[in-house]
There are 2 protein chains.
Amino acid sequence: MTHLNSRDDCLTMDARDPLAPLREHFDLPDGVIYLDGNSLGARPRAALARSQQVVAQEWGRDLIRSWNSAGWFDMPKRLGDRLAPLIGARAGEVVVTDTTSLNLFKALAAALAIQEGKDPARRTIVTERANFPTDIYMADGLTRWLDRGYRIRLVDTHDELAAAVDEDCAVLMLTHVNYRSGRQHDMGALSALAHARGALVIWDLAHSAGAVPLDLHGDGKDGGAASGADFAVGCTYKYLNGGPGAPAFIWVPQRHQAAFSHPLTGWWSHARPFAMDHGFAAADGIGRALCGTQPVLSLALVECGLDVFDNTDMAAIRAKSLALTDLFIALVETRCARHPLGLVTPRAHAERGSHVSFTHPHGYAVMAALIERGVIGDYREPEIMRFGFTPLYTRFSDVWDAVEVLRDILDNERFDKKMNIHARRDAVT
Amino acid sequence: MTHLNSRDDCLTMDARDPLAPLREHFDLPDGVIYLDGNSLGARPRAALARSQQVVAQEWGRDLIRSWNSAGWFDMPKRLGDRLAPLIGARAGEVVVTDTTSLNLFKALAAALAIQEGKDPARRTIVTERANFPTDIYMADGLTRWLDRGYRIRLVDTHDELAAAVDEDCAVLMLTHVNYRSGRQHDMGALSALAHARGALVIWDLAHSAGAVPLDLHGDGKDGGAASGADFAVGCTYKYLNGGPGAPAFIWVPQRHQAAFSHPLTGWWSHARPFAMDHGFAAADGIGRALCGTQPVLSLALVECGLDVFDNTDMAAIRAKSLALTDLFIALVETRCARHPLGLVTPRAHAERGSHVSFTHPHGYAVMAALIERGVIGDYREPEIMRFGFTPLYTRFSDVWDAVEVLRDILDNERFDKKMNIHARRDAVT
């Protein structure tokens, strides 16, 4: 994409972009270039009418009857079945429920239980120090409470990761695309390594689902990441555009469902929730990954996000995502070349997710200035500016315009790191 | 209320009812008498506009900025502070988050940890066999996974309950108002008993919050149930009218907050969630009862339910609730006297919550017939018809009309229990 030397070139790319019409499915504010869909996806237009339908009709008019008549009870499974193809999963293997943190807790508990039945001496959970912290905290909470000698081994480098998956490793627990760096792991290779060494693998797909092709059952030949995963969890409010804090998902492949057990056994995971038995009996199948009553309204809007994906496929999304991130990297590195920006995200396509991170010594202040100018990315310690690219609604010309604003800010403003403030060089104060 | 002998008497009661104007805060469908607010509260009118604001403006226009600008991050605590006075709690002691099941899990885990530090030999969790099943399932899940010899002791009678709280009892875990019978426990007496015997007490307030006065810090002199509770959890979608599946609440009194620990340590419970430390450090105060990212839209609507309570107080709500349930019992027992209805709910005011349950040999079919005629209650095995009374929107004339429909159905329809169907006696088929 480095041949794109002008805004007109970008407009030409937009005109040729087969995904361009999908932007119409989203409500995006004027004057904003939204590059934070990796944190909170934009609003599908349909979500407003759907929320009115749930509130006014399903809740207001039909009241308690909507648990059946509007399909509220079945939503976690029905939406799971809708989401499944986007991650290469099958129907009956995914539920949309609870939070990513809680779903990871369930998956990790289940994985440890399976290992205790198979190879009970294994006592480490291997993950990265750079993993999204809640994943580490949940593992910490679980293992501390189990109090059976489990240790969490935090590793810093890829080589160290491979070495850490040894005969003591019960579970390898990784996030596919890192929230900060945007680096994408080789899911198939790491899963194969773990399996070869007797470990189970849990993947957190928070920054992957809806952004990069996934092939949880496949061999990667169709362009998805070959998986070999044992369990996976993820988020619906980033690239899947499900709405703020929308319920998360968990994938339990059929081969592990009979052995899937965890401590969060609420009534929704019961085989017969309305029998009101005092004895617990886990539901068959994916239902056992549920726990309690779900937030219906937030859950319902997840479907509006999933609906948009019916108009395209993950291969097309991935192709555009790489074109957008390639363009952004090239434009920043050429047009902002004299500024101290450091690319954090890998250049190799196979190692890149759908966001790009650059460091800048005054990253916080630069991002604040960008946001003030309507270019919305976000900031993560230390010094990292994140820019997310959602092929469903981000245009090539948006990339051009965002880089121009960045260039203008860097060329014309001065930053005081200590104060985390910024001011125009020509400002009075 | 047994002196009310006609619909006109009920209309007179409505005309004199100081809470009558509050019905205007709710959207209730025409032709429906809604007696199921104990399962799903009716929709506050304000919820529609609020949902549009969250979806169109906060999510759609302000996007990621709303985590701060619209106060999304603070909502669990802010709504907890709004809810606190309704249960006799203080600011900084309640959060609205997750589900009742999960909050009970946190409270029970914390209570067991406190007991292990104080009196580690105690190994039973005492509860009722008739408790709402998910409470028992969550206790089962937790203790099974702790694998440290905990037993759940299920008791059947009040006397047995008192005897079961012995020197082996770590935690007494009860629901204040039973979901099926509508029976209300003497919270103060049972808490005092437990404390005298060295146990901690957790109360599930699912059928109490917003329905009966609670006085979690008090001595009951102001009309609330004297508490002595150590922890409490509850539901916002029943009498608090927060919307279908809206997030639940958990109360941790200040005296227990420093010792409050549980395994569900997601990033929202971290002292500095955005520092992205890999080491977990629990937040001070009630924040440590949080876990992961919350479903913003469902959470936001909880406030519309809480707002209605600003127009009254729990003493007035309780007075009307007892008047409504007294009237319902009296009318059913006089006007449907020749039918085999059995009152399940206690007659004594101190032992009654805000719903009334009657058995009928064909309870399921009778309830189906009632619902078909627009009188919406619900059914719980075995043979129990539940009728919930929400003083914020239920009228005395609604009670009269509901009983008249019940009488007409019982007088004029025949039921076949085996088929769970009903048909008019004069119907052709």
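List every residue pair whose Cβ atoms lie under 9 Å apart, where the two residues are 6 or more positions apart in sequence or sit on different chains, the first residue falls within the range B:343-356 and is closer than 19 Å to B:GLU383 by Cα, and the second residue, located anywhere, is open to solvent by 80 Å² or more (accessible area, probe 1.4 Å). Matching pairs, first to second residue: B:VAL344/B:ARG183; B:THR345/B:ARG183; B:PRO346/B:ARG183. With respect to the conditions (1) within 7 Å of chain A (Cβ to nearest Cβ); (2) of a type in the set (A, V, I, L, M); (3) in a helix (DSSP H, G or I); (4) in contact (Cβ under 8 Å) with a residue 12 or more places away in the chain, B:LEU40 lacks only one, and its number is (3).
Residues in the range A:375-396 that are more than 18 Å from the chain's Cα centre (by Cα), assigned to a loop (DSSP other than H, G, I, E, B) and within 11 Å of chain B (Cβ to nearest Cβ): A:GLU381, A:PRO382. Scanning the range B:99-118 for residues that are open to solvent by 10 Å² or more (accessible area, probe 1.4 Å) and more than 8 Å from chain A (Cβ to nearest Cβ) returns B:ALA113, B:ILE114, B:GLU116, B:GLY117, B:LYS118. Among the residues making up the range A:236-278, those that are under 30 Å from B:GLU381 (Cβ atoms), assigned to a loop (DSSP other than H, G, I, E, B), touching a residue at least 24 places away in the same chain (Cβ under 8 Å) and within 11 Å of another protein chain (Cβ to nearest Cβ) are A:PRO247, A:SER261, A:HIS262, A:PRO263, A:LEU264, A:THR265, A:GLY266. Per this entry, A:MET367 is counted among residues that are open to solvent by less than 50 Å² (accessible area, probe 1.4 Å), among the hydrophobic types (A, V, I, L, M, F, W, C) and within 12 Å of another protein chain (Cβ to nearest Cβ). Residues that are at the interface with chain B (Cβ under 10 Å from one of its Cβ atoms), more than 17 Å from A:ILE376 (Cα to Cα), open to solvent by 40 Å² or more (accessible area, probe 1.4 Å) and more than 20 Å from the chain's Cα centre (by Cα): does the range A:12-32 have at least one? No, the range A:12-32 contains no residue that is at the interface with chain B (Cβ under 10 Å from one of its Cβ atoms), more than 17 Å from A:ILE376 (Cα to Cα), open to solvent by 40 Å² or more (accessible area, probe 1.4 Å) and more than 20 Å from the chain's Cα centre (by Cα). In the range B:279-298, of all residues being of a type in the set (Val, Ile, Thr) and within 8 Å of chain A (Cβ to nearest Cβ), the one that is nearest to A:LEU104 (Cα to Cα) corresponds to B:THR293. I need the full set of residues from the range B:75-90 which are under 14 Å from B:GLN257 (Cβ atoms) and outside any helix (DSSP H, G or I), in order please. Of everything in the range B:75-90, those that are under 14 Å from B:GLN257 (Cβ atoms) and outside any helix (DSSP H, G or I) turn out to be B:ALA89, B:ARG90. Total residues in the range B:168-188 satisfying the condition of being more than 20 Å from the chain's Cα centre (by Cα) and either open to solvent by 10 Å² or more (accessible area, probe 1.4 Å) or within 14 Å of chain A (Cβ to nearest Cβ) (or both): the figure is 1. A:LEU154 falls short of the stated requirement of being in a helix (DSSP H, G or I), within 27 Å of B:ARG288 (Cα to Cα) and in contact with a helix residue (DSSP H, G or I) (Cβ under 8 Å, 6 or more places away or on another chain).
Is it true that some residue in the range B:71-85 is facing chain A (nearest Cβ under 9 Å), closer than 28 Å to A:ALA47 by Cα and not polar (S, T, N, Q)? Yes, the range B:71-85 contains a residue that is facing chain A (nearest Cβ under 9 Å), closer than 28 Å to A:ALA47 by Cα and not polar (S, T, N, Q). Of the residues A:HIS185, A:HIS256, A:HIS207, A:HIS262, the single one that is under 27 Å from B:LEU297 (Cα atoms) and at pLDDT 95 or above is A:HIS207.
For the range A:119-144, filtered to residues that are open to solvent by 10 Å² or more (accessible area, probe 1.4 Å) and without any contact (Cβ under 8 Å) to a residue 12 or more places away in the chain, the residue that is nearest to the chain's Cα centre (by Cα) is A:ARG144.
Selection within the range A:120-151: residues that are basic (Lys, Arg) and part of a loop (DSSP other than H, G, I, E, B). The member of this set that is farthest from A:LEU102 (Cα to Cα) is A:ARG122. In the set (1) away from every other protein chain (no Cβ under 11 Å); (2) in a helix (DSSP H, G or I), B:ARG338 fails one condition alone, (2).
The values are calculated or read from the model by the stated rules, or taken from the named source; none is laboratory data. Remember, predicted model here, so these are calculated numbers, not experimental data. Cβ: placed from backbone, ideal geometry, glycine included. Neighbour counts: every protein chain shown. The area values use the complete protein model at the heavy-atom level, side chains included, leaving out ligands, DNA and RNA. Shrake-Rupley method; radii C 1.70, N 1.55, O 1.52, S 1.80 Å.
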